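K.L.:
Have a look at this one before I ask anything.
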Amino acid sequence: MTNFFSDYLVSSLRLAVPLAFAALGGLYSERSGVLNIALEGMLLTGAFTSAVATFYTHNVWFGVLAAFISGGLVGLLHAFLSVSLRVDQLVSGLALNLVAAGLTSFLARLVFSSGNTQRLLGIKPIIIPGLANLPLIGPLLFQQDVLVYLLLTLIALSTYVLFYTSLGLTLRAVGESPKAVDTSGISVQKVRYLAVIVSGCLAGLGGAYLSLVQVKYFAEGMSAGKGFIAIAALIFGKWHPIASALACFLFGSTEALQLRIQALGVNIPYQFLTMLPYIVAILALIGLAGRSTPPAALGVSYPEKRA
Amino acid sequence: MNMIRVHPVVLPILPPLIAIGSALLVGAGLILLAGASPITAYTALFQESLSTYFGFGNTLTKMTPLLLTSLGVLVALRAGQFNIGGEGQIYLGALGSAVVGLYVQGIPALIHIPLALFAGFSFGALWGLIPGYLKAIRGVNEVITTLLLNYIAINLVSYLVQHPLQEPGAPSPYSPLIAKTAQLPIILPGSLAHAGILVALVVAGLLWVLLVRSPLGYQISAVGFNPIASRYSGISVERTIMLVMSLAGGLAGLAGATEVMGLKYRLFEVVSSGYGFDAIAIAFLSRGSVLGVVLTSLFFAALRSGANVMQRSAGVPITVIYAIQGLTMLFIAISLTVGRHSHLKT
């Protein structure tokens, strides 16, 4: 029984990783005041580019790099649209999602014969000696691959940077009160650009994890709303790195349930289990209504548009 | 902008036209990448979809769900709400009309058709009311809720079609045929074009009257433009939000209903191939005008309907259409910053 539970936890973590990468990325962007609905598109882009790069170079690390860069490029585009052109941030995000979905579907058909790939090379797990043998948390935290370790490090690092350094303070200030930051001489645009590009890079890495580790191929639309669940996790986690990551773990665990429930011999049609992460995400948002306050300047262009 | 002398009537449609043109240009690049000639591809696409009898019929059938769903997005947008749940609402509407089409027997078409359409509308409206309520009363962002509800709706229909509603002995999951009295008649004999397009056009006309010429329409625009001032003048912002979201959902539901009643005559696992998301691009492209929605949905429908022929005769994958549509949305987003007037304030 402990084996089952341990397996379940590991599975939950694995499923939560793309969510958490996206959510962490979204956190940077939204803390700076830029709404990022394009996380879904960034995830998909990362998944696609990492699959293509790995397919052609037979080297997963090129895949990871490709995802990082391509995600960052999408972020750059989102930043350009929302910060420089001051397009409505929701519209920009949605448009990027549509472009990403369309382009990746189209290009996938060109690159891979039927739109899906053959088995890609995966990333091997690195087992940390000694700690890996701890019960329950051993397999959970110390037998994962590099991306997971990177994620966990980034979560801890982000918490520190965000709340204990002046860089983090600047970021948060831009999201709460851009005018104040502007008058102090720091460029609001530059901070937001950086934040949004970072969010793209991180979400791209999440996509790389999706296609290189989780399933080892690329399928059209494989992000399946994970970018939106990540946003729900962000809201549920009140834009705090650790809380948001835990929320992602919660959502990941509902997805893991789908895989385990058949093993338990319970006969529920799979669709109800596939629905579960999305239902839980909505319930989480409802439960938090009104009590989760976003950064004050979230979604508002700076300088404000004339009416 | 004043350096170029442009006739004032032409000016508002210029940005959308440039956006579409740019998207088609990039699309041409993609087609070249696929190893085909853009001229052949685009000719095949537009010729088939607009100038052949059968092709135009196809265009009309695709225009029906696009137009209805886009009208829904437009209505919500007028009140400052983003309805991204069109896809799921289409599924729910298809479900509702299929249920009435399957389980209600023995009544004349004159009653059965409106009943089934109403059921589709209601199911979709419910799916729009949920996020509407959550936004209005509980302050939950409707973009996320509508998005998440899509996935729930699709899975729900998938389950129902695979289990309780499945046609016994069917090789793949689909429901039995709906009653003949619930089926929409074909309006262009020899093609697939059905009466759904007439329903859609009538609805478009009614909606125009509602939005532009009625007190309710004014109320909706007021809430979209300035919710605080609206509240001061006595308008219930909450009720307006719930109303537009339900209406938007209902319109998308109607789209799903027409698909089942006019095209498929059954409920399948896949009801919509992204109409809900195209609708968003269409609504934005039309910059708040109902006529714009009608024309733009015609354009998008032509893209989709000609895509198959384009794939066959020019060898270009259909997916380039999705890329072009996404690019159109992107260029529209950019062009929106150029316009001075905007009906689309959030």
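K.L.:
In what order do A:T54, B:T319 fall by count of nearby beta-carbon atoms within 10 Å, going from fewest to most? Present the calculation step by step, with values, prior to reporting the outcome.
P.N.:
On the way: A:T54 27, B:T319 24.
Fewest to most other Cβ atoms nearby, the residues stand as B:T319, A:T54.
K.L.:
A follow-up question, please. Taking the Cβ of each residue in A:H78, B:H194 as the centre, tally the other Cβ atoms inside 10 Å and list the residues starting with the fewest.
P.N.:
B:H194, A:H78
K.L.:
Excluding B:A307 itself, calculate the net charge of residues whose Cβ lies under 12 Å from the Cβ of B:A307, where each Lys or Arg counts +1 and each Asp or Glu counts -1. Can you show the working numbers first?
P.N.:
Details: positive: B:K62, B:R304, B:R312; negative: B:E48.
Result for the local shell: +2.
K.L.:
Determine the dipole magnitude for region A:171-228: charges of +1 sit on the beta-carbon of Lys and Arg, -1 on that of Asp and Glu, nothing else is charged, the reference point is the Cα centre, and the result goes in debye to the nearest 20.
P.N.:
Values: 6 positive and 3 negative charges, 15 e Å.
Charge dipole, region A:171-228, about its Cα centre: 80 debye, nearest 20.
K.L.:
Could you pull the Rg and Dmax for chain A, using just the Cα atoms, both in Å?
P.N.:
In Å, with Rg to one decimal and Dmax whole: 19.3, 63.
K.L.:
Please name which of A:V280, A:P241, A:Q258 has its Cα lying farthest along the dipole of region A:186-292 towards the positive end, using unit charges on Cβ (Lys, Arg +1; Asp, Glu -1) and the Cα centre as origin.
P.N.:
After comparing all options, I get A:P241.
K.L.:
How would you classify region B:13-336 from its alpha-carbon gyration tensor, with a ≥ b ≥ c the square roots of the eigenvalues: rounded for a/c under 1.5, else prolate if a/b is greater than b/c, otherwise oblate?
P.N.:
Because a/c hits 1.5 or more and a/b fails to exceed b/c, region B:13-336 counts as oblate.
K.L.:
For region B:253-296 and region B:113-164, what is the centre-to-centre distance using only Cα atoms, to the nearest Å?
P.N.:
Centre-to-centre (Cα) distance: 15 Å.
K.L.:
Just how large is the dipole of chain B about the Cα centre, in debye to the nearest 20, putting +1 at every Lys and Arg Cβ and -1 at every Asp and Glu Cβ?
P.N.:
Numbers: 16 positive and 8 negative charges, 141 e Å.
Dipole about the Cα centre, nearest 20: 680 debye.
K.L.:
Need one value for A:83-91: mean number of C-beta atoms belonging to other chains within 10 Å of its residues' C-beta atoms.
P.N.:
Counting Cβ atoms of other protein chains within 10 Å of each residue's Cβ and averaging gives 5.
K.L.:
Is it possible to state the helix-based mean residue ellipticity at 222 nm for the protein assembly as shown, with each DSSP H run of 4+ residues giving -39500 (n - 2.57), the sum divided by total residues, to the nearest 500 deg cm²/dmol? What is it?
P.N.:
Numbers: 25 runs with 441 residues, N = 653.
Calculated from helices alone, the mean residue ellipticity at 222 nm is -23000 deg cm²/dmol.
K.L.:
With labels modelled as points extended 7 Å from the Cα through the Cβ direction, what inter-label distance (nm, one decimal) is found for B:L50 paired with A:L167?
P.N.:
Going from the B:L50 label point to the A:L167 one covers 5.3 nm.
K.L.:
Counting other C-beta atoms within 10 Å, and keeping those with at most 10, which DSSP coil trypsin sites (Lys or Arg not before Pro) do you find in region A:192-293? Before the final figure, lay out the partial values.
P.N.:
Values: sites: A:R192, A:K216, A:K226, A:K238, A:R260, A:R291; in loops: A:K216, A:K238, A:R291.
In loop regions of region A:192-293 (DSSP not H, G, I, E or B), the sparsely surrounded trypsin sites (Lys or Arg not before Pro) are A:R291.
K.L.:
Another question, if that's okay. Report the one residue of A:A101, A:L151, A:S12 whose Cα lies farthest in the direction of the positive end of the charge dipole of region A:2-287 (charges on C-beta: Lys and Arg +1, Asp and Glu -1; origin at the Cα centre).
P.N.:
Of the listed residues, the answer is A:L151.
K.L.:
Further, regarding this structure: If the chain between B:L206 and B:L32 were fully stretched, how many nm would it gain, using 0.36 nm times the residue separation less the Cα-Cα distance?
P.N.:
Numbers: separation 174, 0.36 × 174 = 62.64 nm, distance 4.31 nm.
Length difference between fully extended and current span is 58.3 nm.
K.L.:
Relative contact order for region B:45-174 using alpha-carbon pairs under 8 Å, separation at least 6, rounded to a whole percent? Display every interim value, and only then the final one.
P.N.:
Details: 111 pairs, mean separation 30.6, N = 130.
About 24 percent, as a whole number.
K.L.:
Just A:L76, A:L205, A:L276 to compare: in a GNM of chain A, with alpha carbon springs under 10 Å, which one fluctuates most?
P.N.:
Its mean-square fluctuation being the largest, the pick is A:L276.
K.L.:
Still on this model: Collect residues whose amide H, placed 1.01 Å from N in the peptide plane, falls under 5 Å from the amide H of B:Y174; neighbours closer than 5 in sequence don't count.
P.N.:
Here B:E167 satisfy the definition.
K.L.:
Taking the Cα centre as origin and putting +1 on Lys and Arg beta-carbons and -1 on Asp and Glu beta-carbons, what dipole magnitude results for the protein assembly as shown, to the nearest 20 debye? Don't skip to the answer; put the middle values down first.
P.N.:
On the way: 33 positive and 18 negative charges, 183 e Å.
For this selection, approximately 880 debye.
K.L.:
Between B:Q105 and A:S84, what FRET efficiency comes out of the Förster formula 1/(1 + (r/R0)^6) with R0 = 45 Å and r the beta carbon distance, rounded to 0.05? List each step's numbers first, then the result.
P.N.:
Numbers: r = 61 Å, r/R0 = 1.35.
FRET efficiency, A:S84 to B:Q105: 0.15.
K.L.:
Oh, and also: Could you tell me the center-to-center distance, by alpha carbons, between region A:47-124 and region A:232-254 in angstrom?
P.N.:
24
Laboratory data are not the source of any read-out in this text; all were calculated from the coordinates shown. The shown structure was predicted, so the numbers you read here are calculated from the model rather than taken from an experiment. No Cβ is skipped: glycine too gets one built from the backbone with ideal geometry, and neighbour counts run over all protein chains shown.
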